[in-house]
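Asker: First, the structure itself, so that you have it in front of you.
The values are calculated or read from the model by the stated rules, or taken from the named source; none is laboratory data. Quantities reported herein were computed from a predicted structural model and do not represent experimental measurements. With ideal geometry, Cβ positions are generated from the backbone for all residues, glycine too; neighbour counts draw on all protein chains shown. In case anyone asks, the SASA skips ligands and DNA or RNA and just uses the protein heavy atoms, side chains included. Shrake-Rupley method; radii C 1.70, N 1.55, O 1.52, S 1.80 Å.
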Amino acid sequence: MRYSKRNPKRSFVNKLKRLTLYLALFFITSSSLSVVLLRHIPVPVSVFMLYRHAEYFQQHRSFKTIDYRWVKREQISRYAFSAVIASEDQRFFSHHGFDFNEMQNAIDQYLKGGKLRGASTISQQVAKNLFLTPSKSFWRKGIEFWFTGLIEMLWHKDRILEVYLNIAEFGDHLFGIESASQRYFGIPASQLSASQTALLAATLPNPHLYSADKPTSYLLKRKAWIMKQMKNLNYRHRQHSS
């Protein structure tokens with residue numbers, strides 16, 4: 001009578017494979033359901049907001065409330081949409097989440113001795129702010145690409161812009177266009193002017209360094225550039241529509 005000897009190493013490898021498969025299936029299912037759900041409801045909180053709380057805790061700083069107020073797309077000034085597109089992602093409506101032309105331009109500029117600048121689209125920034133922390137790694141970038149693809153596939157462009165303007169960081173523990181509008185201008189987001197939205201958009205690359213209530217000369221120059229781009233975008237839109 002023969003008795004088969006179990007190989008402990010092979011058994012462990014098989015269990016590890018099954019666990020990896022289950023975890024992958026769980027991640028795919030849960031992430032897909034999250035994106036589907038957030039297509040229809042206001043975002044209650046983003047991972048980036050929670051990260052800000054954790055950051056304060058690690059630095060042994062006292063708790064600070066997040067200033068965040070969700071508003072519907074209809075309650076946001078139309079200029080705000082133009083401003084962030086002009087500032088952050090001028091090919092927003094023509095790409096599917098990734099602007100490979102901008103990525104190549106950023107790489108070329110770096111190879112020529114310039115600074116390595118970001119080339120993230122608005123869709124990528126929504127994926128990062130909503131589901132991820134600012135840490136940088138190969139795996140995190142892969143997850144960012146996954147969520148960006150899901151968002152582009154399951155949401156329409158107007159929803160992406162609506163979420164982006166609601167969860168973008170405009171200052172220390174200050175999130176969303178409504179909170180920023182109330183904090184800096186004392187008015188609801190629906191009443192923001194083109195100049196005010198351009199100033200807010202100008203702070204987005206680094207809202208902890210640049211503040212709309214204390215604009216530096218650089219920030220004012222960037223605001224002027226954004227307003228010019230907004231006019232160019234509107235002109236191109238009219239040309240395309242005619």
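Asker: All but one of (1) free of Cβ contacts under 8 Å to residues at least 60 places away in the same chain; (2) surrounded by 18 or more Cβ atoms within 10 Å (Cβ to Cβ) hold for residue 156; which doesn't?
Answerer: The failed condition is (2).
Asker: Right, next: Considering 125, 104, 109, which residue is surrounded by 14 or more Cβ atoms within 10 Å (Cβ to Cβ), at pLDDT below 80, part of a helix (DSSP H, G or I) and on the phi < 0 side of the Ramachandran plot?
Answerer: On the way: 125 fails: at pLDDT below 80; 104 fails: surrounded by 14 or more Cβ atoms within 10 Å (Cβ to Cβ).
After ruling out the rest, the residue left standing is 109.
Asker: When both residues are 6+ apart or on different chains and their Cβ atoms are under 6 Å apart, which pairs have a first residue that lies in the stretch 76-98 and is more than 21 Å from residue 202 (Cβ to Cβ), and a second that is open to solvent by less than 10 Å² (accessible area, probe 1.4 Å)?
Answerer: Final answer for the pair search is 97/123; 97/148.
Asker: Taking the stretch 212-235 as the search range and keeping residues that are out of contact with any Phe, Trp or Tyr (no Cβ under 8 Å at 6 or more places or on another chain) and of a type in the set (S, T, N, Q), which one is least open to solvent (accessible area, probe 1.4 Å)?
Answerer: Taking the candidates together, the pick is 229.
Asker: Ok, one more. Give me the helices (runs of 4 or more DSSP H) completely within the stretch 1-95, filtered to those with at least 3 residues that are basic (Lys, Arg) and out of contact with any Ser or Thr (no Cβ under 6 Å at 6 or more places or on another chain), ordered by residue number.
Answerer: Details: elements: 8-37, 47-58, 78-88.
Answer list for the stretch 1-95: 8-37.
Asker: OK, next. Answer yes or no: is there a residue in the stretch 66-80 that is farther than 30 Å from residue 197 by Cβ and open to solvent by less than 50 Å² (accessible area, probe 1.4 Å). Write out each step before concluding.
Answerer: At the first step, the residues of the stretch 66-80 found to be farther than 30 Å from residue 197 by Cβ are none.
There is no residue in the stretch 66-80 that is farther than 30 Å from residue 197 by Cβ and open to solvent by less than 50 Å² (accessible area, probe 1.4 Å).
Asker: OK, next. Going residue by residue through the stretch 41-56, is there one that turns out to be farther than 30 Å from residue 159 by Cα and out of contact with any Phe, Trp or Tyr (no Cβ under 8 Å at 6 or more places or on another chain)?
Answerer: Within the stretch 41-56, none of the residues are farther than 30 Å from residue 159 by Cα and out of contact with any Phe, Trp or Tyr (no Cβ under 8 Å at 6 or more places or on another chain).
Asker: For the stretch 163-193, which positions are part of a helix (DSSP H, G or I) and either free of Cβ contacts under 8 Å to residues at least 60 places away in the same chain or over 11 Å from the mean Cα position of the chain (by Cα) (or both)?
Answerer: 177, 178, 179, 180, 181, 182, 183, 184, 185, 189, 190, 191 - these are the residues of the stretch 163-193 that are part of a helix (DSSP H, G or I) and either free of Cβ contacts under 8 Å to residues at least 60 places away in the same chain or over 11 Å from the mean Cα position of the chain (by Cα) (or both).
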